[in-house]
Amino acid sequence: MNKKLGLAVAGALVAFASTANAGISIPAGDWTVDIGGNVNAFYIHNHSSDSNTITGGLANGKGANGANTSSINTGLLSSWLTVGAKTRQNDLDVAWAISFQPGASQGASLGGGGGSEFRQAYMTFGDASWGTIKIGKDLGVFGSDAILSDMTLLGVGSQGVVGAAGGTTTTLGRIGAGYIYADFNGQINYTTPNWNGFSATVGIDQPIVGTNVVGNQKAPAWVGVARYSFSANDVTGKVWAEAKGQKVDSASTGVSDTATMYGVGANLSAGGANLTGYWYSGEGAGTTAFLVQGYSAAGKPRNSDGGYVQATYALPGVGTKLGVSWGISNLDLASGETNATLVKENEMWTVGAYHPLTKSVNLVAEYSNVTSKNQANAENQSNIVSAGAILFF
């Protein structure tokens with residue numbers, strides 16, 4: 001993947017109002033309007049030979065029509081259209097962005113072309129001297145570095161149990177098999193200026209409910225991340241540490257606790273080679289997404305952890321990026337809990353090739369092996385082959 005496409009991937013997720021990667025810029029009075037995004041689609045073939053019950057497993061079980069399923073769908077990164085604008089007013093940099101993610105697949109007659117989403121609607125204001133405030137809905141802070149570093153962001157990765165037949169807006173990539181999904185949350189946060197490579201973001205998120213956590217929540221979630229980027233000769237890198245927590249209360253299930261999760265990661269590049277490593281741990285945070293399977297039916301927290309390692313190399317001259325990655329997400333039973341069918345681990349190996357056909361179009365081919373295991377050590381396994389293209393504008 002060339003550098004411009006790499007920037008476009010990040011820009012598609014954090015929107016063009018806060019980046020310089022917009023595809024189309026239009027002067028409009030005091031404002032500069034930016035329009036950009038991507039279109040992608042893949043043929044995806046899934047082979048599953050097991051049919052065990054695994055609540056929270058990502059590997060598909062063998063269905064009524066046999067072990068094989070096919071679909072044509074978007075990958076982990078939604079097809080995306082972002083409209084944003086930026087200006088300078090009263091010594092402040094002011095910007096906004098709104099985005100739309102159309103579905104590319106539907107699994108039934110008269111399905112209407114699949115679901116569509118609006119994942120971003122936010123504004124920012126600030127100055128390079130003191131930092132930036134963001135208010136609105138955008139990619140979450142916790143887990144954002146992990147997903148933006150994931151090579152399957154340009155491809156498919158895992159489909160998840162509900163995605164094998166198409167009809168979902170995106171696939172899962174490595175979500176749930178190496179990191180917890182950052183999600184798109186209502187948020188208010190502050191980001192510091194860049195101090196010689198160091199920056200930090202702190203803020204609050206919309207409180208959410210999850211498995212065995214229901215009802216209105218009393219307090220927002222809190223979140224924070226610190227990052228340090230560095231370079232020396234031809235070597236560049238970044239390290240980060242992050243945390244998130246939320247007080248959770250549910251009278252119907254007896255939950256009254258604080259769910260927390262922590263993560264650390266690093267990324268190192270030299271020449272055409274790139275290495276990424278990430279690890280997280282949580283109590284009550286759950287697996288795959290925040291608060292999913294985080295608590296037992298008795299209201300007790302479940303511990304979780306996981307991470308992934310990834311190596312990629314861009315072939316000199318042709319620019320084709322080859323990559324391999326492995327990741328796992330683990331979930332423990334709560335104290336005193338007996339639940340044999342609850343997921344114990346989701347593990348995934350992925351190998352992929354990403355070729356820049358033009359400066360805007362990338363051809364992608366991937367193979368992923370996903371293994372899910374329940375607390376009784378019964379397994380489901382999915383073998384996923386995908387091929388398609390992604391275009392940035």
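All of the numbers you see were taken from the coordinates with simple rules; none came from a lab. Because the structure is a prediction, the values reported are computed rather than measured. Positions of Cβ are generated from backbone atoms using ideal geometry, with glycine treated the same way; all protein chains shown enter the neighbour counts.
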Checklist outcome for this item: Expected unfolding gain across Ser256-Lys359 under the 0.36 nm per residue rule, minus the alpha-carbon gap, is 31.9 nm
Item to check | Violating pairs (Cα-Cα greater than 18 angstrom) within the set Lys321/Lys359; Lys86/Lys134; Lys218/Lys244; Lys247/Lys300; Lys238/Lys359; Lys134/Lys218 | outcome: Lys238/Lys359; Lys134/Lys218
Checklist entry - Pick the calculated semi-axes √(5λ) of the Cα gyration tensor in Å for this structure from (i) 50, 30, 19; (ii) 32, 27, 21; (iii) 59, 24, 18? => result (ii)
Checklist outcome for this item: In nanometres, the difference between 0.36 nm per residue of separation and the alpha-carbon distance of Ser229 and Ala41 is 64.4 nm
Checklist entry - Ser116 to Ser70: FRET efficiency via 1/(1 + (r/R0)^6), r the Cβ-Cβ distance, R0 25 Å, to the nearest 0.05? => result 0.65
Item to check | Cα gyration tensor shape of the stretch 280-340, rounded if a/c is under 1.5, else prolate or oblate by comparing a/b with b/c | outcome: prolate
Item to check | Anisotropy class of the stretch 140-280 from Cα gyration tensor, a/c 1.5 cut | outcome: oblate
Next on the checklist: Once you order the gyration tensor axes a ≥ b ≥ c over the Cα atoms, which shape class does the stretch 176-219 get: rounded for a/c under 1.5, otherwise prolate or oblate by comparing a/b with b/c?
Outcome noted: oblate
Checklist outcome for this item: Of 376-383, 175-182, ordering from highest average Cβ density within 10 Å down gives 175-182, 376-383
Checklist entry - Given Val235, Val141, Ser25, which one lies farthest toward the positive end of the charge dipole of the chain, if we put +1 on the Cβ of every Lys and Arg and -1 on the Cβ of every Asp and Glu? => result Ser25
Checklist entry - How about Lys137: which aspartates and glutamates have a C-alpha closer than 13 Å to its C-alpha, ignoring those fewer than 8 places off in the same chain? => result Glu117, Asp183, Asp205
Next on the checklist: Using +1 at the C-beta of Lys and Arg and -1 at the C-beta of Asp and Glu, which of Gly284, Thr350, Leu322 has the Cα lying farthest in the positive direction of the dipole of the stretch 217-360?
Outcome noted: Leu322
